[in-house]
Amino acid sequence: MASFPEIASQQKMALLERLKREGALLFRGFDIRSAEDFDRFIGQFGLVNFPYEASFSNAVRRNRTERVFTANEAPPDVEIFLHHEMAQTLIFPEQLFFFCEQPPAVGGSTPICWSDLSLQTLEQRAPKFVQRLRDRGIRYRNTMPAYAELASAQGRSWKDTLKVESAEQAEQKLTSLGYDYQWLNNGYLSVRTPPLAAIQAFDQHSSFFNQIVAAYVGWQSSLDPDDPILTYGDGSHIAIEDLELAVEVCYQHVVDLDWQQGDVALLDNTRVMHGRRPYQGARTVLASLCSPIRRSSMTRL
């Protein structure tokens, strides 16, 4: 086993530059065995920590150290579809780390999709759709429960997601951020984001930077089925054939990461999407977010 602190410390700038070019790096065969080892490995890169509790993500996760937490704890048979982490929010991480503490017996790989390549393919096959996304952006609707629901990939409660203690505080916070909201039965809260860019430029590349695939395939809810999950930023309808094409194209540009115990993956969240395949047996993958990026919503059309 190689010693990990020395390698990361000596080569961190070269590794981060390579990450910008490649979009994803895999570290295999290093002596990383626990959440604490993983935490120390991340620390060698000198990146700003983005605590999960400070995010607007709605997945249920548990902290193992200050910067390390469990990946999405949805049941093993639930697929987590391709997404850029927190692309449906106003603040998102630039980098993601994952660590395989325990690989599953069957399945459970992490699909990684190169979003810039997906965008190029979409521009060739559906240029009008891409131009509408550029011009109008996109709005997302999400329903948050009153209490954490472990059986859901989006089961984090509205109190935890918004970091509030009351419905009044939730309404004030959502209004200040430009969100629309509606209270549903049983204390559920349905929120719709302000218009957000769906295609975004980062340094040397433009990405299909959004949650369209995950939201279209995985966010359907029986609580308010008549209210669409996705619209353009001006509230107009997105054609089903365009959404289905986006899913098809993104999965064309996927490579599956089959985990081995001790593996660490470093992803450029601005360049690649990720997900989780269903699995059997115990699986423990830990995660960490780094380098928060803030953006503004698009002007309402």
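Could you grab me the full set of residues in the range 97-123 that are aliphatic (A, V, I, L, M) and touching a His at 6+ places or on another chain (Cβ under 7 Å)? If you could, list the steps in order and put the result at the bottom.
Our first condition is that a residue be aliphatic (A, V, I, L, M); within the range 97-123, this holds for 105-106, 112, 117, 119, 122.
Once the filter is applied, which keeps residues that are aliphatic (A, V, I, L, M) and touching a His at 6+ places or on another chain (Cβ under 7 Å), the range 97-123 yields Ile112, Leu117.
Within the range 40-83, track down each residue that is more than 28 Å from Ala146 (Cβ to Cβ) and of a type in the set (Lys, Arg).
Matches in the range 40-83: Arg40, Arg67.
Identify, please: which residue in the range 173-192 is hydroxyl-bearing (Ser, Thr, Tyr) and farther than 10 Å from Arg141 by Cα and is, among those, surrounded by the most Cβ atoms within 10 Å (Cβ to Cβ)?
The extreme case among them is Tyr188.
Can you give me the number of residues within the range 247-301 that are outside any loop (DSSP other than H, G, I, E, B) and acidic (Asp, Glu)?
Just the residues of the range 247-301 that are outside any loop (DSSP other than H, G, I, E, B), to begin with: 247-252, 254-257, 264-268, 272-276, 279-280, 284-294.
So of that shortlist, the ones also acidic (Asp, Glu) come out as 248, 256, 268.
Selection size over the range 247-301: 3.
Can you find a residue that is aromatic (Phe, Trp, Tyr) and touching a residue at least 40 places away in the same chain (Cβ under 8 Å) anywhere in the range 153-167?
Step one: filter the range 153-167 for residues aromatic (Phe, Trp, Tyr), giving 158.
In the following step, the residues that additionally are touching a residue at least 40 places away in the same chain (Cβ under 8 Å) were identified as none.
Among the residues of the range 153-167, not one is aromatic (Phe, Trp, Tyr) and touching a residue at least 40 places away in the same chain (Cβ under 8 Å), which makes the answer no.
Can you name the strands (runs of 3 or more DSSP E) wholly within the range 40-151 that have at least 1 residues being under 30 Å from Leu15 (Cβ atoms) and at pLDDT 95 or above? Outline the logic, then answer.
Details: elements: 80-83, 91-102, 110-114, 138-144.
In the range 40-151, 80-83, 91-102, 110-114 are the strands (runs of 3 or more DSSP E) which contain 1 or more residues that are under 30 Å from Leu15 (Cβ atoms) and at pLDDT 95 or above.
The values are calculated or read from the model by the stated rules, or taken from the named source; none is laboratory data. Remember, predicted model here, so these are calculated numbers, not experimental data. A quick note on method: Cβ atoms are made from the backbone with ideal geometry, for glycine too, and the neighbour counts reach across all protein chains shown.
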